[in-house]
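Step one of this worksheet: look at the structure below.
The values are calculated or read from the model by the stated rules, or taken from the named source; none is laboratory data. Keep in mind that what you see is a predicted model, and the values were worked out from it rather than measured. Cβ sites come from the backbone with ideal geometry, for glycine too, and all protein chains shown count toward neighbours.
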Amino acid sequence: MLRRFILLGLAAVFAVFPGCGEKERGDVVKRPREQVGRVVVVGFDGLSPVMVDKWVKEGKLPNMARIIREGTYGECMTVLPPSSASAWTSAVTGVNPGKHGIYGFLKELDKGKKRPAVFNTSRDRGFKSVWDVMSEYGRRACVVNIPLSSPADSLNGVMIAGFPHTSEDQIAHYWPPELEKYLGSYKYDAFRVTCAKGQEEKFLRSMEDISGRRLDVGLTLYDEGDWDLFWIVFTFTDRTQHYMWKYMDEEHPLYDPAMSEAYGDRVEWAYKRADAFLGEFMKRLEGDDLLLVMSDHGFGPLYYIINTRNFLQRTLGNTEDVLCADFFGSKFKIDVSGRNAEEKYDSIRKRLIEGLEAFEDPETGLKIIDSIYVKEDIYEGPYVGKGPDVLCLEKPGYLFFSLQVTPDLRLFDRGPSPDRAFSGFHRRMGTLFMYGKAVAAGRRVDARIIDITPTILTYLGVPVPAEMDGSVPRAAFTEEYKDRVILVKSEDSGYKKPTGLGSQDWQKIEKQLRAVGYIQ
């Protein structure tokens, strides 16, 4: 019923507004190169290659198995930090965070407060998105639910913005404004329903309902829209793994055999659902359509949460000069000024790194930190200064979380709401499938998340901005098509000036992030 309602509505939209988002007459539309075909991107937040491999081998993911046989499949290395905010922004821009300026949901910390002060939105993106560049060449995009795309951009096409949403203003949720009346009962990822103990059924019903409505609207836009790029993201895979991992993992400290009987197959259910959704798009492909199926990061178990502020207090004593650069993960910002600031900065960073290198699990004696980075070694671009000064990846099973200091300075801490705590968390390696007439069959092709946008633009015959970091994984294409997917850089810059939003928007974002469990 919902699909039929939207179908009738969209027919009216495209009839009355056939050029929604097109360049105004008189604006210069640049001349594109030859377009190979359309591009379809289906994103599943947090889809893990480890779990895909497991359930493909068990015959439980037939559509993904088909792509592995008839297309390409591999790992997709995400950016550092492996946060959805920075990862999806790099996916849609093709550059590292040093060039787009988004390192996480947090934009700034107020040094005098104990909680985040300012949050990132799509308006803080300092580099053109793939749909920005496409629009300059007259190409049209249909974009649905990419995280950190609110407020919606006034692109050449249609957009339904993704979480977190900045305000109740319609322009924050979709473009063009006329689309509102045709969205029916589409539900946004507000995440007001978390998975606290005893709320598992309610949470799962919510995931099923939201994702089902998103698929319905997405397929309608796919079938009825006029687009060169169609990009949709489903987030139920990420949410389900965050909360349900403990029920399938017998090694997890929170594993409960009785609860496992009821919910031990729910992560598998999410992957099967993703596979079924994927099948709906696969059967709609035609001609030279290129299908990319990707995730922003992988997933794995989370056994122990480390209180970041307690760790800093133990390691450095006075922590006023070192801030948690995000809610989760070991990302640290050093904030010093005045006389001898550079010397003080170097001293603090050295002591912090030494503390991280020496950090061991008190019960096992094993090192907790896998790798440590400083910003100048991993980022490049005008926004490097915004990034964390020190960043590290924990060993599997551990995660720093920005909790409040406790009197006993305990290191392992599930926070004020342990029944809502995550039991699974991000891994750096995500997933990438490529499928279509132009794609070679049965190949293993690994790529980076920054390769997504240059691959899309090249397939659409659009030159990429001069500062693009990513490239086209040409090994994924057949010999017949390889010469048609050669990346060409334009002389035009991809940088754009971030505009930012007001405090009322940040407050709305904070409520949503607190509801989903990112803020404790």
Taking the stretch 264-286 and keeping residues part of a loop (DSSP other than H, G, I, E, B) and touching a strand residue (DSSP E or B) at 6+ places or on another chain (Cβ under 9 Å) leaves Arg284, Leu285
Flagged in the stretch 306-321 as surrounded by fewer than 16 Cβ atoms within 10 Å (Cβ to Cβ) and β-branched (Val, Ile, Thr), in numbering order, are none
Practice task
May I ask you to verify whether Lys57 is surrounded by fewer than 23 Cβ atoms within 10 Å (Cβ to Cβ), at pLDDT 95 or above, of a type outside the set (Asp, Glu) and outside the structural domain of Val322 (by TED's automatic domain parsing)?
Solution key: yes
For Val439, the lone unmet condition from (1) within 22 Å of the chain's Cα centre (by Cα); (2) of a type in the set (Val, Ile, Thr); (3) closer than 30 Å to Leu290 by Cα is (1)
Picked from the stretch 153-173 (must be modelled with pLDDT of 90 or more and within 16 Å of the chain's Cα centre (by Cα)), the residue surrounded by the fewest Cβ atoms within 10 Å (Cβ to Cβ) is Ile160
Among Leu391, Leu432, Leu460, the single one that is outside the structural domain of Gly126 (by TED's automatic domain parsing) and either buried (at least 23 other Cβ atoms within 10 Å of the Cβ) or of a type in the set (A, V, I, L, M, F, W, C) (or both) is Leu391
In the set Asp265, Asp249, Asp228, the lone residue that is surrounded by fewer than 20 Cβ atoms within 10 Å (Cβ to Cβ) and over 27 Å from Pro164 (Cβ atoms) is Asp265
(request) Within the stretch 246-262, identify whether any single residue is assigned by TED's automatic domain parsing to the domain that holds Leu432, within 23 Å of Pro147 (Cα to Cα) and either under 20 Å from the mean Cα position of the chain (by Cα) or in contact (Cβ under 8 Å) with a residue 24 or more places away in the chain (or both), and answer yes or no. (result) no
Of Glu380, Glu376, the only residue that is modelled with pLDDT of 95 or more, exposed (fewer than 14 other Cβ atoms within 10 Å of the Cβ) and either over 30 Å from Asp469 (Cα atoms) or under 24 Å from the mean Cα position of the chain (by Cα) (or both) is Glu376
Flagged in the stretch 185-236 as of a type in the set (Gly, Ala, Ser) and under 20 Å from Trp88 (Cβ atoms), in numbering order, are Ala190, Ser211, Gly218
Checking Gly424, Gly436, Gly442, Gly387 in turn, the sole residue that is small (Gly, Ala, Ser) and closer than 20 Å to Val95 by Cα turns out to be Gly387
The number of residues in the stretch 93-106 that are farther than 18 Å from His165 by Cα and of a type outside the set (Ser, Thr, Tyr) is 8
Exercise for review: Answer yes or no: is there a residue in the stretch 287-296 that is touching a Ser or Thr at 6+ places or on another chain (Cβ under 7 Å) and at pLDDT below 95.
Suggested key: no
Being under 23 Å from Ile146 (Cα atoms) and either assigned by TED's automatic domain parsing to the domain that holds Phe127 or over 25 Å from the mean Cα position of the chain (by Cα) (or both) narrows Asp492, Asp451, Asp483 down to just Asp451
For the stretch 385-408 the number of residues that are out of contact with any Lys or Arg (no Cβ under 9 Å at 6 or more places or on another chain) and without any contact (Cβ under 8 Å) to a residue 12 or more places away in the chain is 2
Taking the stretch 357-383 and the residues there that are hydroxyl-bearing (Ser, Thr, Tyr) and outside any strand (DSSP E or B), the one that is nearest to Tyr495 (Cα to Cα) would be Tyr383
Checked the stretch 212-240 for anything over 26 Å from Gly424 (Cβ atoms) and outside any helix (DSSP H, G or I); matches are Gly225, Asp226, Trp227, Asp228, Leu229, Phe230
A careful count of residues in the stretch 32-50 that are crowded, with 18+ Cβ neighbours inside 10 Å and either touching a Phe, Trp or Tyr at 6+ places or on another chain (Cβ under 6 Å) or small (Gly, Ala, Ser) (or both) gives 10
Among the residues of the stretch 384-396, the number that are of a type in the set (Asp, Glu) and assigned to a loop (DSSP other than H, G, I, E, B) is 1
The residue that is nearest to Ser337 (Cα to Cα), considering only those in the stretch 347-371 that are among the hydrophobic types (A, V, I, L, M, F, W, C) and buried (at least 16 other Cβ atoms within 10 Å of the Cβ), is Ile348
